[in-house]
Amino acid sequence: MSTQQRGPGSPRRYSSQFKAEAVQMVVSTGRPIAHVARELEISQQVLGRWVGLYRVEHPDPASAPSPVQAARLRQLEDDNRRLRMENEFLKKAAAFFARTLP
């Protein structure tokens, strides 16, 4: 797990994978947020917010995907959305060029 670099005075930014793995450490093991935060050298409040968001999004722990799986699913959904938009653009471009060519 790694964090992104930051400039002086700017807030720390964490990758979605780092966040998911940190939440996984709390949710799957039942370890206290304070212990995991101290181990990862992040704020308890930040980790608590991530865990809280995960629990709001996944109220039923039995059917909820793991945080890592949820992050991967979000990434795939974003990729799918982007590819659909690109595909629509290419369809429109092909139709335009088909009209302009004799």
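Structural remarks
- Residue that is modelled with the highest pLDDT [pool: residues in the range 60-79 that are within 21 Å of residue 36 (Cβ to Cβ) and in a loop (DSSP other than H, G, I, E, B)]: 66
- Among all residues of the range 30-44, there is none that is modelled with pLDDT of 85 or more and under 16 Å from the mean Cα position of the chain (by Cα).
- Taking each residue of the range 40-67 that is farther than 23 Å from residue 12 by Cα and looking for partners that are surrounded by 10 or more Cβ atoms within 10 Å (Cβ to Cβ) and of a type in the set (Lys, Arg) with beta-carbon atoms closer than 9 Å, six or more apart or interchain, yields 61/55; 64/55; 65/72.
- Qualifying residue in the range 84-101 (condition: within 19 Å of the chain's Cα centre (by Cα) and either within 19 Å of residue 18 (Cα to Cα) or in a helix (DSSP H, G or I) (or both)): no
- Filtering the range 32-79 to residues that are aliphatic (A, V, I, L, M) and exposed (fewer than 15 other Cβ atoms within 10 Å of the Cβ) leaves 34, 53, 56, 62, 73, 76.
The values are calculated or read from the model by the stated rules, or taken from the named source; none is laboratory data. What you are looking at is a predicted structure, and each value in this text was computed from that prediction instead of being measured. Using ideal geometry, Cβ is built from the backbone for each residue, glycine included, and neighbour counts are taken over all protein chains shown.
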